[in-house]
1. Specify which residue in the list ILE327, ASN58, ASN119 is farthest towards the positive end of the charge dipole of the chain, using unit charges on the beta carbon of Lys, Arg (+1) and Asp, Glu (-1), about the Cα centre.
2. On a C-alpha basis, how far is the centre of segment 418-497 from the centre of segment 322-397 in Å? Whole number, if you could?
3. Determine the alpha carbon to alpha carbon distance for each of LYS288/LYS562; LYS198/LYS514; LYS98/LYS402; LYS201/LYS402 and list only those over 24 Å.
4. Please enumerate, by chain and number, the aspartates and glutamates with C-alpha under 18 Å from the C-alpha of LYS375, excluding those fewer than 8 residues away in the same chain.
5. So, by mean Cβ neighbours within 10 angstrom, what's the order for 313-324, 202-213, 253-264 with the highest one leading?
6. Let me spell out the model: positive unit charges on the Cβ of Lys and Arg, negative unit charges on the Cβ of Asp and Glu, origin at the Cα centre of segment 46-183. What dipole size does that give, in debye rounded to 20?
7. Highest mean first, what order results for 279-285, 158-164, 148-154 on Cβ atoms within 10 Å?
8. Under a point-charge model restricted to the Cβ atoms of Lys and Arg (+1) and Asp and Glu (-1), what is the dipole moment magnitude of segment 159-264 relative to its Cα centre, in debye to the nearest 20?
Amino acid sequence: MKVGHTNMSPVLLLCVIFFAGYYEAKALSYDYSASVECLAQPHKPQYNGGIITNPEVNNGLQGWTAFSGAQIEQRESSGNKYVVAHHRKQAYDSVSQKINLQMGTHYTLSAWIQVTGNNVPVIATVKTSKGYNLAGAIFAESNCWSMLKGGLTADTSGPAELYFESNNTSVDIWIDSVSLQPFTEKEWNSHQVQSIEKARKRKVLVKAVDKEGKPIRSASISIVQKKSGFPIGSAITNHILKSNAYQKWFTSRFSVATFANEMKWYSTESVQGKENYGDADSMLQFAKQNNISVRGHNVFWDDPHYQPSWVPSLSPSQLKSAVQKRIQSVVTRYKDQLIHWDVNNENMHFSFFESKLGKDFSGWLFNEVNKIDPKVTLFLNDYNTIEEIRDSSVTASKYVQKVKEIKSYQGNNGLTIGIGLEAHFTNVPNLPYMRSTIDTLAATGSPVWITEIDVANQPKQAEYFEQVLREAHSHPKVEGIVMWTGWSPNGECYRICLVDTNFKNLPGGDVVDKLLNEWGSTQVSGITNQNGILEATLFHGHYHVTITDPTKKNYNFTHPIKVLPINQSKKTTSQLIQLSI
């Protein structure tokens, strides 16, 4: 590719070579693997069981004891040995193992669970001197083994007890391949660094040569990122249409947006038959003009409290007609203009439409939206999956069930269903549980996005906000992050404000700016070595590379390059670009 005046000389060659990024961590590496299949035999325990004694139950009941009133025994099936808790009368009648915890240490948990009779939820619990900590949950099945993956951060040091419980006392609980692996804070952070090096960055060699192919030594090279390859954004409100300051603040930071309310049904058709897409259209135009991608939020919202006021009184047949009209209206209007659709928002917590139109509503709805806009990724979007283990309606296994349910609808088998995790943290974040849950969801093969992340007001709000953003960004299977931080001129935010009414940073805004700077917005510069090479490790994204020839005054050129993730190219890619100046 030639640019500039081709009849001028000399000629510089810019050779950009991309390598797979790497990072050698001294700490024990984190195992991101998980399984969402129910198997005839469990896998081996992760980390060889960590601090668990006799994790595969091959040495009788060594290390295992009955918890509360249960009876336990070792059994064997097809050569595999495991421990069974039976004659259970209370939810917590179970099998347990005594352990020792260190305060502040992160523990990642995995276990393989099977039950007799009905398929039921099984919860992993750690009892300490301070109380009971939930560490993971699985919707266990009979006749096959399911992998539970979770974790906790110890809030006290000393003896503790790990056990597995179920509210259904009629089932026996089978346990095998248990692991509880401790990681210090320093080790946990090293996993994040290691993952970012592998999943978000590439090593780049920039080589400058003259027209004879000889390397140019001591050439000055500047590499400036123009756009991050990892989407990071925020919710926006219609106030952005009237505020230049809001527009400048947003576009200087983010590459993706979600409209907080303006695409929702109650906003576009507050009165039946009178549609108004004015705000949504204008906000989408603003996003396009500034090269900002938009998540469609949403086609429907299953919460009965957030329907247009005229909808709840409709008969089933009237509702079906209104639903079909809404689909045709909003999806057709924005076809090929969005990157995602949240199809039926929070439909694991709520069932307004299912209760009136049948349990297959979600499967049918995904099918209808896909027919109209087949290029957009359709998302399940719900809250509490990674932030609140006590919410049994949206555990990772329930998410997996919902994906399978939607795909089982006729015509949906080949449909890609995205997993949207709202991530509204109300308490101290359980980072091991957050990471493990994303591991499990990623095992579905579905794209995973953090879609509405924030942290409730509390003494360490900004600190916790940084923790969860770092955890989300460093997970190799998270494909994008959207914060739920829409701005309003009266200073009200859903949970956390990034800026004040004059767009001066609040503590949350300082966190975001620090992380955006750390994750790739800084300039890289240097001097080529005797071989004409400058080496740099860069985040994925779009860059401008400027090279200045030291032998000629005011002689330089700039050329764009792309640094791509490994899964979008070969592990080592050479790119030769010839430019005439």
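Since every read-out is calculated from the coordinates, none of them should be taken as a lab result. These figures come from a predicted structure and were not determined experimentally. Cβ atoms come from the backbone with ideal geometry, glycine included; neighbour counts cover every protein chain shown.
1. ILE327
2. 20
3. Values: LYS288/LYS562 21 Å; LYS198/LYS514 21 Å; LYS98/LYS402 35 Å; LYS201/LYS402 33 Å.
Violating the 24 Å limit, Cα to Cα: LYS98/LYS402; LYS201/LYS402.
4. LYS375 reaches ASP336, ASP342, GLU479.
5. Numbers: 313-324: 13.8, 202-213: 18.0, 253-264: 21.8.
Ranking the peptides 313-324, 202-213, 253-264 by packing returns 253-264, 202-213, 313-324.
6. Numbers: 8 positive and 10 negative charges, 42 e Å.
Around 200 debye, computed over segment 46-183.
7. Details: 279-285: 17.7, 158-164: 19.7, 148-154: 25.9.
The packing order, highest mean first, is 148-154, 158-164, 279-285.
8. Values: 16 positive and 10 negative charges, 293 e Å.
Dipole size: approximately 1400 debye.
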